[in-house]
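Following: one structure in structure tokens, then a few remarks.
The values are calculated or read from the model by the stated rules, or taken from the named source; none is laboratory data. Bear in mind the structure is a predicted one, so any value in this text is a computation, not a measurement. Here Cβ is always computed from backbone atoms with ideal geometry, including for glycine, and neighbour counts include all displayed protein chains. Surface areas here come from the heavy atoms of the whole protein model, side chains and all, with no ligands, DNA or RNA. Shrake-Rupley method; radii C 1.70, N 1.55, O 1.52, S 1.80 Å.
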Amino acid sequence: MRVLKGLIMVVGVIGILVVATLLIGYYLYSLSPPIQAKMVQILPSSDAAQSFDEKINSAKAEIDAAADAGQAKQVTLTITDKEVNSKIIELRAKGELPVRDALINFGDGHFLTYAVVDTPGINAKTAMIGQIEIVNGSPKVVIEEFNLGKLPLSESVDGRVEQLLNVMVRLQMSDVPLEITNIQIKDHELAVIGTTKTGK
């Protein structure tokens, strides 16, 4: 009888600890990530969103024309974080992004992102700091720090987020006939420099 009572007490204590851990985790998950405090708010504008579209369309037309003509031409695309954030807000207004809030900063060699993602129950507040490297003519995202609220996360989580991002980047770049030669992030700008592929 005493053993049975002891087992029940142990199970009860374990249950209380599990519930407490879940509640603490849920609370930490709901807090603003530390990286967000390092970011600068950017005032969006419709002109900046339009400028983003014009730059993307112009670069695409230049790349396609050079590739069709079999020319290895250097192409540079430079966008500002104001243009990117203005475009994000435009896409959110159209319901084309599954986020409630988002912000991107281009710093000195790094990018910082913050996003509130719609999830069941409480929304996920995520943030990250990273760099973009060039590997075999393609961009590769390298995550330096990833936050999910204020939950303590292992380095393996950073690695999985990095893998997911790079899969998305590869899918987006798969049909672009451009070999990336350099990416620069500084002064609130992201510059992508590449040479068009001739197919030879």
*Report whether or not LEU97 is surrounded by 16 or more Cβ atoms within 10 Å (Cβ to Cβ) and modelled with pLDDT under 90.*
yes
*Going through the stretch 160-200 one residue at a time, which ones are in contact with an Asp or Glu (Cβ under 8 Å, 6 or more places away or on another chain) and among the basic types (Lys, Arg)?*
LYS186, LYS197
*Please go through the stretch 160-192 and pick out each residue that is open to solvent by less than 30 Å² (accessible area, probe 1.4 Å) and over 24 Å from ILE42 (Cβ atoms).*
ASN166, LEU178, ILE180
_Quick check on ASP108: is it open to solvent by 30 Å² or more (accessible area, probe 1.4 Å), of a type outside the set (Gly, Ala, Ser) and touching a residue at least 40 places away in the same chain (Cβ under 8 Å)?_
yes
_Options LYS125, LYS197: the member that is open to solvent by 50 Å² or more (accessible area, probe 1.4 Å) and under 19 Å from ALA59 (Cβ atoms)_ = LYS197
_Flag for ILE132 being aliphatic (A, V, I, L, M) and surrounded by fewer than 18 Cβ atoms within 10 Å (Cβ to Cβ)_ = no
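Every residue in the stretch 63-87 that is without any contact (Cβ under 8 Å) to a residue 24 or more places away in the chain and either small (Gly, Ala, Ser) or surrounded by 18 or more Cβ atoms within 10 Å (Cβ to Cβ) (or both), please.
ALA65, ALA69
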